[in-house]
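Take a look at the structure set out below.
The values are calculated or read from the model by the stated rules, or taken from the named source; none is laboratory data. Because the structure is predicted, anything quoted here is derived from the model rather than measured. Using ideal geometry, Cβ is built from the backbone for each residue, glycine included, and neighbour counts are taken over all protein chains shown. The protein model used for the area step is the full one, side chains on, heavy atoms only, and it has no ligands, DNA or RNA in it. Shrake-Rupley method; radii C 1.70, N 1.55, O 1.52, S 1.80 Å.
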Amino acid sequence: MREYKLVVLGSGGVGKSALTVQFVQGIFVEKYDPTIEDSYRKNVCEFISLQCELIRLLIVCLQEQFTAMRDLYMKNGQGFALVYSITAQSTFNDLQDLREQILRVKDTEDIFYDLVRQINRKTPVEKKRAKKKSNCILL
């Protein structure tokens, strides 16, 4: 079974754990319980060529201010969700530094390579040759 390491980052109190618990357990957590680190696992079905392939998601929620742990999880993480509160502008502003740090730690280019991967997933090679009109991906 393939595993994917996902990291959820953001300021304290923005709903990282609540969002993740909702996804993993189907329960909405209303009370705020400050956490330094929460880990979750969920097996899900990924559809590839109309067949279900079972994969495991390893999800870690971290508060942005715990830098030592954050660096380690950024290095090992494969996907990142940056969460902010729509009622607190400062939590949104904090994400720019986190994003830049992820890119530094992962030593990767930004969104353009991801767009190409998404286009390739959406349009298999056989269809690309058969069709002359272009498809587009909007993020």
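Could you please let me know if Phe47 is over 19 Å from Leu9 (Cβ atoms) and at pLDDT below 75? So Phe47 fails the test.
Contact annotation: residue pairs with Cβ atoms under 6 Å, 6 or more positions apart or on different chains, pairing a residue in the range 13-35 that is without any contact (Cβ under 8 Å) to a residue 40 or more places away in the chain with a partner that is exposed (fewer than 11 other Cβ atoms within 10 Å of the Cβ), are Val21/Ile27; Gln22/Phe28.
Considering every residue within the range 62-69, establish whether at least one is farther than 24 Å from Leu103 by Cβ, among the polar types (S, T, N, Q) and free of Cβ contacts under 8 Å to residues at least 40 places away in the same chain. Talk me through it step by step, then tell me what you get.
Quick first cut of the range 62-69, residues farther than 24 Å from Leu103 by Cβ only: none.
Checked against the condition, which is being farther than 24 Å from Leu103 by Cβ, among the polar types (S, T, N, Q) and free of Cβ contacts under 8 Å to residues at least 40 places away in the same chain, the range 62-69 yields no hits at all.
Here the condition is being of a type outside the set (A, V, I, L, M, F, W, C), more than 30 Å from Thr123 (Cβ to Cβ), open to solvent by less than 90 Å² (accessible area, probe 1.4 Å) and at pLDDT 85 or above; of Tyr4, Tyr40, it holds for Tyr40 alone. Filtering the range 82-94 to residues that are surrounded by 16 or more Cβ atoms within 10 Å (Cβ to Cβ) and either touching a helix residue (DSSP H, G or I) at 6+ places or on another chain (Cβ under 6 Å) or more than 12 Å from Val14 (Cα to Cα) (or both) leaves Leu82, Val83, Tyr84.
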